[in-house]
Amino acid sequence: MHGMSLSDENLIIDCPKLSDAAPVVVGGVGGSGTRVITLLLQTLGFDMGSDLNQSLDELGFTALFKRPSIWPIERHLPQLTEALNTYLASRGHKGPSWISQEQHAVNVAELLERTYRSGEWIDTGDLDARREPLATPAPLQQLWGWKEPNTHMLLPFLLPAIPKMKYIHVTRHGLDMAYSNNQTQMKIWGPHLLGISMKADSTEDSLAFWCAAHGRLMKLNKHFAAQILILPFENIFHDAESILTCLCDFLELPETLDTGRALISTLQKPKTIGRYRSKPSIHVSDTQNNILTELGYSIEEPAGTDKKQE
(Lines give C-alpha, C1' and ligand atoms only; values in the text may rest on other atoms or scores of the structure.)
Protein backbone atom coordinates (compact mmCIF):
# COMPACT_ATOMS: atom_id res chain seq x y z
CA MET A 1 0.00 0.00 0.00
CA HIS A 2 1.35 3.38 -1.00
CA GLY A 3 1.82 6.10 1.59
CA MET A 4 0.65 9.65 1.16
CA SER A 5 3.91 11.49 1.84
CA LEU A 6 4.64 14.27 -0.63
CA SER A 7 8.00 15.35 -1.95
CA ASP A 8 6.91 19.00 -1.62
CA GLU A 9 5.60 18.95 1.94
CA ASN A 10 5.87 22.73 2.18
CA LEU A 11 3.18 23.72 -0.30
CA ILE A 12 3.33 27.40 0.61
CA ILE A 13 6.58 28.56 -0.94
CA ASP A 14 8.22 31.97 -0.83
CA CYS A 15 7.27 33.29 -4.25
CA PRO A 16 6.72 37.01 -4.95
CA LYS A 17 3.91 38.36 -7.10
CA LEU A 18 5.00 38.37 -10.73
CA SER A 19 1.92 39.65 -12.56
CA ASP A 20 -1.38 41.49 -12.15
CA ALA A 21 -2.89 39.38 -14.92
CA ALA A 22 -6.21 37.70 -14.12
CA PRO A 23 -6.46 34.46 -16.12
CA VAL A 24 -9.03 31.75 -15.52
CA VAL A 25 -7.25 28.41 -15.59
CA VAL A 26 -8.63 24.87 -15.85
CA GLY A 27 -6.81 21.77 -14.62
CA GLY A 28 -7.29 18.31 -13.17
CA VAL A 29 -5.98 14.78 -13.37
CA GLY A 30 -6.01 13.78 -17.05
CA GLY A 31 -9.38 12.45 -18.20
CA SER A 32 -11.41 14.28 -15.55
CA GLY A 33 -13.53 16.28 -17.99
CA THR A 34 -11.55 19.51 -18.18
CA ARG A 35 -12.44 19.87 -21.88
CA VAL A 36 -16.13 20.32 -21.04
CA ILE A 37 -15.38 23.18 -18.64
CA THR A 38 -13.12 24.76 -21.24
CA LEU A 39 -15.89 24.58 -23.84
CA LEU A 40 -18.17 26.24 -21.32
CA LEU A 41 -15.69 29.05 -20.70
CA GLN A 42 -15.28 29.58 -24.43
CA THR A 43 -19.06 29.80 -24.75
CA LEU A 44 -19.03 32.43 -22.00
CA GLY A 45 -16.59 34.53 -24.03
CA PHE A 46 -13.20 33.48 -22.66
CA ASP A 47 -10.18 33.38 -24.95
CA MET A 48 -8.57 30.08 -23.92
CA GLY A 49 -5.67 30.38 -26.32
CA SER A 50 -5.07 29.67 -30.00
CA ASP A 51 -2.46 26.90 -29.95
CA LEU A 52 -4.83 24.14 -28.87
CA ASN A 53 -5.00 20.39 -29.42
CA GLN A 54 -8.22 18.38 -29.77
CA SER A 55 -8.56 18.26 -25.98
CA LEU A 56 -8.28 22.09 -25.92
CA ASP A 57 -5.00 21.98 -24.00
CA GLU A 58 -2.96 25.17 -24.48
CA LEU A 59 0.18 23.67 -25.97
CA GLY A 60 2.39 26.69 -25.35
CA PHE A 61 1.83 26.26 -21.63
CA THR A 62 2.35 22.51 -22.03
CA ALA A 63 5.73 23.01 -23.69
CA LEU A 64 6.97 25.38 -20.99
CA PHE A 65 5.61 23.71 -17.88
CA LYS A 66 4.87 19.99 -18.41
CA ARG A 67 8.45 19.25 -17.48
CA PRO A 68 9.52 17.03 -14.56
CA SER A 69 12.93 18.77 -14.62
CA ILE A 70 11.33 21.76 -12.86
CA TRP A 71 10.52 19.54 -9.87
CA PRO A 72 10.63 20.09 -6.96
CA ILE A 73 9.02 23.46 -7.50
CA GLU A 74 10.64 25.28 -4.60
CA ARG A 75 14.11 24.52 -5.97
CA HIS A 76 13.37 25.80 -9.49
CA LEU A 77 11.78 29.21 -8.94
CA PRO A 78 14.13 31.05 -11.36
CA GLN A 79 13.30 28.60 -14.18
CA LEU A 80 9.58 28.76 -13.39
CA THR A 81 9.67 32.56 -13.26
CA GLU A 82 11.38 32.73 -16.65
CA ALA A 83 8.84 30.34 -18.16
CA LEU A 84 5.87 32.17 -16.66
CA ASN A 85 7.03 35.61 -17.78
CA THR A 86 7.57 34.22 -21.27
CA TYR A 87 4.14 32.56 -21.38
CA LEU A 88 2.27 35.59 -20.04
CA ALA A 89 4.04 37.82 -22.58
CA SER A 90 2.86 35.48 -25.35
CA ARG A 91 -0.71 36.14 -24.17
CA GLY A 92 -0.17 39.91 -24.25
CA HIS A 93 0.76 40.44 -20.58
CA LYS A 94 4.26 41.89 -20.73
CA GLY A 95 5.84 42.08 -17.29
CA PRO A 96 8.83 44.01 -15.92
CA SER A 97 11.22 41.57 -17.57
CA TRP A 98 10.00 42.55 -21.05
CA ILE A 99 12.79 44.10 -23.13
CA SER A 100 11.83 43.77 -26.79
CA GLN A 101 10.02 41.56 -29.25
CA GLU A 102 13.35 40.30 -30.52
CA GLN A 103 14.54 39.29 -27.06
CA HIS A 104 11.18 37.64 -26.34
CA ALA A 105 11.57 35.49 -29.46
CA VAL A 106 15.07 34.51 -28.34
CA ASN A 107 13.76 33.54 -24.89
CA VAL A 108 11.07 31.36 -26.46
CA ALA A 109 13.61 29.60 -28.68
CA GLU A 110 15.93 28.94 -25.72
CA LEU A 111 13.16 27.56 -23.53
CA LEU A 112 11.89 25.25 -26.25
CA GLU A 113 15.43 24.07 -26.93
CA ARG A 114 15.77 23.05 -23.28
CA THR A 115 12.55 21.10 -23.50
CA TYR A 116 13.79 19.40 -26.68
CA ARG A 117 17.21 18.54 -25.21
CA SER A 118 15.68 17.07 -22.07
CA GLY A 119 13.25 14.93 -24.09
CA GLU A 120 10.29 16.29 -22.14
CA TRP A 121 7.97 16.93 -25.08
CA ILE A 122 5.74 13.84 -25.15
CA ASP A 123 2.56 15.35 -26.56
CA THR A 124 1.20 15.06 -30.07
CA GLY A 125 2.35 17.62 -32.60
CA ASP A 126 5.75 19.14 -33.26
CA LEU A 127 7.45 21.00 -30.41
CA ASP A 128 8.84 23.49 -32.92
CA ALA A 129 5.25 24.38 -33.90
CA ARG A 130 4.91 26.01 -30.47
CA ARG A 131 7.58 28.58 -31.37
CA GLU A 132 5.51 31.04 -33.41
CA PRO A 133 2.45 31.19 -31.09
CA LEU A 134 4.69 31.70 -28.06
CA ALA A 135 6.94 34.23 -29.78
CA THR A 136 4.06 36.38 -31.08
CA PRO A 137 2.26 38.25 -28.26
CA ALA A 138 -1.50 38.01 -28.62
CA PRO A 139 -3.82 41.01 -28.21
CA LEU A 140 -4.92 41.61 -24.62
CA GLN A 141 -8.29 40.08 -23.76
CA GLN A 142 -10.47 40.98 -20.80
CA LEU A 143 -11.67 37.40 -20.39
CA TRP A 144 -8.89 34.92 -20.98
CA GLY A 145 -7.09 31.93 -19.60
CA TRP A 146 -5.87 28.48 -20.46
CA LYS A 147 -6.65 24.84 -19.92
CA GLU A 148 -3.81 22.44 -19.21
CA PRO A 149 -4.62 19.53 -16.88
CA ASN A 150 -1.07 19.45 -15.47
CA THR A 151 -1.48 23.00 -14.14
CA HIS A 152 -2.47 21.63 -10.73
CA MET A 153 1.07 20.36 -10.23
CA LEU A 154 2.36 23.95 -10.43
CA LEU A 155 -0.18 25.67 -8.19
CA PRO A 156 2.19 26.32 -5.25
CA PHE A 157 4.10 28.58 -7.64
CA LEU A 158 1.30 29.95 -9.83
CA LEU A 159 -1.17 30.99 -7.12
CA PRO A 160 1.14 33.45 -5.32
CA ALA A 161 2.86 34.50 -8.56
CA ILE A 162 -0.48 35.49 -10.16
CA PRO A 163 -2.69 36.46 -7.19
CA LYS A 164 -5.60 37.46 -9.46
CA MET A 165 -5.59 34.08 -11.19
CA LYS A 166 -8.67 31.90 -10.72
CA TYR A 167 -8.16 28.17 -10.91
CA ILE A 168 -10.92 25.66 -11.68
CA HIS A 169 -10.06 22.09 -10.73
CA VAL A 170 -12.27 19.43 -12.29
CA THR A 171 -12.60 16.25 -10.24
CA ARG A 172 -13.90 12.83 -11.19
CA HIS A 173 -14.35 9.79 -8.96
CA GLY A 174 -10.90 8.41 -8.15
CA LEU A 175 -12.03 4.83 -8.68
CA ASP A 176 -13.36 5.64 -12.15
CA MET A 177 -10.08 7.42 -12.90
CA ALA A 178 -8.10 4.35 -11.83
CA TYR A 179 -9.62 2.54 -14.83
CA SER A 180 -9.07 5.39 -17.29
CA ASN A 181 -6.83 4.87 -20.30
CA ASN A 182 -5.33 8.31 -19.63
CA GLN A 183 -2.55 7.66 -17.12
CA THR A 184 0.01 10.12 -18.50
CA GLN A 185 0.06 12.34 -15.42
CA MET A 186 0.52 9.38 -13.11
CA LYS A 187 3.51 8.19 -15.16
CA ILE A 188 5.09 11.67 -15.31
CA TRP A 189 4.41 13.05 -11.85
CA GLY A 190 3.59 10.01 -9.72
CA PRO A 191 7.20 9.07 -8.90
CA HIS A 192 7.93 12.69 -7.94
CA LEU A 193 4.78 13.20 -5.89
CA LEU A 194 4.86 9.87 -4.06
CA GLY A 195 8.57 9.13 -4.12
CA ILE A 196 8.14 5.63 -5.54
CA SER A 197 8.12 3.95 -8.94
CA MET A 198 4.71 3.64 -10.60
CA LYS A 199 3.34 0.90 -12.83
CA ALA A 200 1.50 2.20 -15.89
CA ASP A 201 -1.11 -0.57 -15.78
CA SER A 202 -1.66 -0.57 -12.01
CA THR A 203 -5.09 0.63 -10.87
CA GLU A 204 -3.78 0.87 -7.29
CA ASP A 205 -0.93 3.12 -8.44
CA SER A 206 -3.39 5.26 -10.38
CA LEU A 207 -5.63 5.64 -7.32
CA ALA A 208 -2.60 6.43 -5.16
CA PHE A 209 -1.60 9.25 -7.53
CA TRP A 210 -5.18 10.57 -7.72
CA CYS A 211 -5.43 10.68 -3.93
CA ALA A 212 -2.00 12.27 -3.49
CA ALA A 213 -2.79 14.94 -6.09
CA HIS A 214 -6.16 15.75 -4.56
CA GLY A 215 -4.93 15.62 -0.98
CA ARG A 216 -2.34 18.18 -2.04
CA LEU A 217 -4.99 20.28 -3.77
CA MET A 218 -7.19 20.37 -0.68
CA LYS A 219 -4.26 21.54 1.44
CA LEU A 220 -3.65 24.35 -1.04
CA ASN A 221 -7.34 25.21 -1.05
CA LYS A 222 -7.18 26.02 2.65
CA HIS A 223 -4.66 28.78 1.90
CA PHE A 224 -5.96 29.98 -1.48
CA ALA A 225 -9.72 29.43 -1.17
CA ALA A 226 -10.57 32.64 -3.02
CA GLN A 227 -8.55 31.52 -6.04
CA ILE A 228 -9.62 27.87 -6.30
CA LEU A 229 -12.93 26.32 -7.33
CA ILE A 230 -13.32 22.53 -7.21
CA LEU A 231 -15.95 21.26 -9.66
CA PRO A 232 -17.07 17.60 -9.67
CA PHE A 233 -17.48 16.52 -13.29
CA GLU A 234 -20.35 14.16 -12.45
CA ASN A 235 -22.46 17.02 -11.09
CA ILE A 236 -22.62 18.60 -14.53
CA PHE A 237 -25.11 15.83 -15.32
CA HIS A 238 -26.65 15.37 -11.86
CA ASP A 239 -26.92 18.96 -10.61
CA ALA A 240 -26.14 21.26 -13.52
CA GLU A 241 -27.84 24.32 -12.03
CA SER A 242 -25.71 24.21 -8.89
CA ILE A 243 -22.52 23.73 -10.92
CA LEU A 244 -23.36 26.66 -13.20
CA THR A 245 -24.24 28.91 -10.30
CA CYS A 246 -21.00 28.10 -8.49
CA LEU A 247 -18.97 28.64 -11.65
CA CYS A 248 -20.58 31.94 -12.63
CA ASP A 249 -20.33 33.26 -9.07
CA PHE A 250 -16.66 32.28 -8.96
CA LEU A 251 -16.09 34.07 -12.27
CA GLU A 252 -18.16 37.02 -11.04
CA LEU A 253 -20.28 36.69 -14.19
CA PRO A 254 -23.78 35.77 -12.91
CA GLU A 255 -25.36 37.19 -16.07
CA THR A 256 -23.88 34.32 -18.11
CA LEU A 257 -26.04 31.63 -16.46
CA ASP A 258 -28.44 31.35 -19.42
CA THR A 259 -25.56 30.98 -21.88
CA GLY A 260 -24.10 28.20 -19.75
CA ARG A 261 -27.44 26.40 -19.50
CA ALA A 262 -27.70 26.34 -23.29
CA LEU A 263 -24.37 24.56 -23.65
CA ILE A 264 -24.90 22.08 -20.82
CA SER A 265 -28.28 21.08 -22.25
CA THR A 266 -26.44 19.70 -25.31
CA LEU A 267 -24.09 17.47 -23.33
CA GLN A 268 -24.60 13.73 -22.96
CA LYS A 269 -23.62 11.91 -19.79
CA PRO A 270 -20.57 9.72 -20.51
CA LYS A 271 -21.15 6.00 -20.13
CA THR A 272 -17.85 5.77 -18.25
CA ILE A 273 -19.27 7.50 -15.16
CA GLY A 274 -19.47 4.78 -12.53
CA ARG A 275 -17.47 2.28 -14.59
CA TYR A 276 -15.57 1.13 -11.47
CA ARG A 277 -18.70 -0.66 -10.23
CA SER A 278 -18.33 -3.30 -12.95
CA LYS A 279 -14.56 -3.66 -12.56
CA PRO A 280 -12.45 -5.70 -10.13
CA SER A 281 -12.35 -4.04 -6.73
CA ILE A 282 -9.36 -1.91 -5.71
CA HIS A 283 -8.07 -1.83 -2.15
CA VAL A 284 -8.79 1.62 -0.70
CA SER A 285 -6.94 2.63 2.45
CA ASP A 286 -8.57 4.69 5.19
CA THR A 287 -6.50 7.70 4.16
CA GLN A 288 -7.56 7.37 0.55
CA ASN A 289 -11.19 6.86 1.56
CA ASN A 290 -11.05 10.08 3.59
CA ILE A 291 -9.87 12.02 0.55
CA LEU A 292 -12.56 10.49 -1.66
CA THR A 293 -15.21 11.27 0.95
CA GLU A 294 -14.06 14.86 1.46
CA LEU A 295 -14.48 15.41 -2.27
CA GLY A 296 -17.97 13.93 -2.21
CA TYR A 297 -17.22 10.44 -3.52
CA SER A 298 -18.31 7.23 -1.83
CA ILE A 299 -17.17 3.64 -2.16
CA GLU A 300 -19.95 1.16 -2.88
CA GLU A 301 -19.18 -2.30 -1.54
CA PRO A 302 -21.32 -5.43 -1.86
CA ALA A 303 -23.53 -6.13 1.15
CA GLY A 304 -21.83 -8.26 3.77
CA THR A 305 -18.31 -7.33 2.65
CA ASP A 306 -15.99 -6.42 5.50
CA LYS A 307 -14.09 -3.18 4.99
CA LYS A 308 -10.44 -3.85 4.25
CA GLN A 309 -8.03 -2.58 6.83
CA GLU A 310 -5.10 -0.36 5.96
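The values are calculated or read from the model by the stated rules, or taken from the named source; none is laboratory data. Quick caveat: nothing in here was measured; it's all calculated off a predicted structure. All Cβ positions, even for glycine, are placed from backbone atoms using ideal geometry, and neighbour counts span all protein chains on display.
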All-but-one check, Thr184 against (1) within 30 Å of Pro68 (Cα to Cα); (2) touching a Ser or Thr at 6+ places or on another chain (Cβ under 9 Å), failing number (2)
Residue pairs qualifying under the 8 Å Cβ cut-off, at least six apart or on distinct chains, with the first in the range 93-117 being touching a residue at least 60 places away in the same chain (Cβ under 8 Å) and the second being hydroxyl-bearing (Ser, Thr, Tyr), are His93/Ser19; Gly95/Ser19
In the set Tyr116, Tyr167, Tyr87, Tyr179, the lone residue that is loosely packed, with under 14 Cβ neighbours inside 10 Å and of a type in the set (Phe, Trp, Tyr) is Tyr116
Residues of the range 226-243 being touching a residue at least 40 places away in the same chain (Cβ under 8 Å) and over 25 Å from Pro163 (Cβ atoms), in sequence order, are Pro232, Phe233, Glu234, Ile236
Taking the range 53-69 and keeping residues buried (at least 20 other Cβ atoms within 10 Å of the Cβ) and assigned to a helix (DSSP H, G or I) leaves Leu59, Gly60, Phe61, Thr62, Ala63, Leu64, Phe65
In the set Ser50, Ser32, the lone residue that is polar (S, T, N, Q), part of a loop (DSSP other than H, G, I, E, B), within 21 Å of the chain's Cα centre (by Cα) and surrounded by 14 or more Cβ atoms within 10 Å (Cβ to Cβ) is Ser32
Of those in the range 183-210 that are closer than 26 Å to Gln227 by Cβ and not aromatic (Phe, Trp, Tyr), the residue surrounded by the most Cβ atoms within 10 Å (Cβ to Cβ) is Met186
Scanning the range 27-60 residue by residue, those among the small types (Gly, Ala, Ser), touching a Leu at 6+ places or on another chain (Cβ under 6 Å) and more than 19 Å from Ile264 (Cα to Cα) turn out to be Gly60
Screening Leu244, Leu217, Leu207 for residues that are modelled with pLDDT of 95 or more and more than 22 Å from Leu11 (Cβ to Cβ) leaves only Leu244
When the range 238-285 is checked residue by residue, the ones that are surrounded by 11 or more Cβ atoms within 10 Å (Cβ to Cβ), outside any helix (DSSP H, G or I) and of a type in the set (Asp, Glu) are Asp239
